Amino acid sequence: MNTLKLKKGDTVIVMKGKDHGKKGKIIRTLPVLNKVVIEGVNEKMRHTKARRGGEKGQRVTVIHPVWAANVQVLCPACDKITRVGYESHDGVKSRICKKCKASLT
Ligand SMILES: [Zn+2]
């Protein structure tokens, strides 16, 4: 079961590690690994070697996933670092900001 509270499209802030303080949008979640891929965070350059036939070597930016435990959600409604809570309406579970109770889609 997917136990990640983070979802694609969430704006998060990195709390630990070398990207500490960086803010970005989640572009991918990896629930099995408990990791998320965040736009502009943990980017690394990868060099591809030149191949035969005159092709040039290229530099490609690869975004590496970070631990979900090291990031916190930034609420779009109250603009604060918050935790994700859950609210149930007619059996439908929705995510809410624990601070301002706004729903996080
Ligand atoms: Zn909020």
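Quick rundown of the values:
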{"quantity": "Qualifying residue in segment 61-69 (condition: of a type in the set (V, I, T), modelled with pLDDT of 95 or more and within 16 Å of the ligand (Cβ to nearest atom))", "calculated": "no"}
{"quantity": "Some residue of segment 44-54 being within 14 Å of D10 (Cβ to Cβ) and either modelled with pLDDT of 95 or more or of a type in the set (S, T, N, Q) (or both)", "calculated": "no"}
{"quantity": "Some residue of segment 22-43 being modelled with pLDDT of 95 or more, surrounded by 15 or more Cβ atoms within 10 Å (Cβ to Cβ) and within 16 Å of the ligand (Cβ to nearest atom)", "calculated": "yes"}
{"quantity": "Qualifying residue in segment 10-19 (condition: small (G, A, S) and farther than 23 Å from L104 by Cβ)", "calculated": "yes"}
{"quantity": "Lone unmet requirement of (1) without any contact (Cβ under 8 Å) to a residue 12 or more places away in the chain; (2) under 27 Å from T105 (Cβ atoms) for G53", "calculated": "(2)"}
{"quantity": "Any hit, segment 73-86, residues being under 13 Å from the mean Cα position of the chain (by Cα) and either of a type in the set (S, T, N, Q) or modelled with pLDDT of 95 or more (or both)", "calculated": "yes"}
{"quantity": "Condition met for G17 (at pLDDT below 95 and either touching a Lys or Arg at 6+ places or on another chain (Cβ under 7 Å) or at positive phi (or both))", "calculated": "yes"}
{"quantity": "Segment 80-97, subset farther than 20 Å from K8 by Cβ and in a loop (DSSP other than H, G, I, E, B), residue nearest to the ligand (Cβ to nearest atom)", "calculated": "K80"}
{"quantity": "Index of the failed condition, A77 passing every other in (1) surrounded by 13 or more Cβ atoms within 10 Å (Cβ to Cβ); (2) away from the ligand (no atom under 16 Å from the Cβ)", "calculated": "(2)"}
{"quantity": "Long-range neighbours under 6 Å by Cβ, at least six apart or interchain, first residue more than 17 Å from G21 (Cα to Cα) and among the polar types (S, T, N, Q) within segment 68-94, second at pLDDT below 95 and within 14 Å of the ligand (Cβ to nearest atom)", "calculated": "S94/E87; S94/S103"}
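The values are calculated or read from the model by the stated rules, or taken from the named source; none is laboratory data. If you're wondering where the values come from, they're calculated on a predicted model, not measured in any experiment. As a convention, Cβ positions derive from the backbone with ideal geometry for all residues, glycine included, and neighbour counts pool all protein chains shown.
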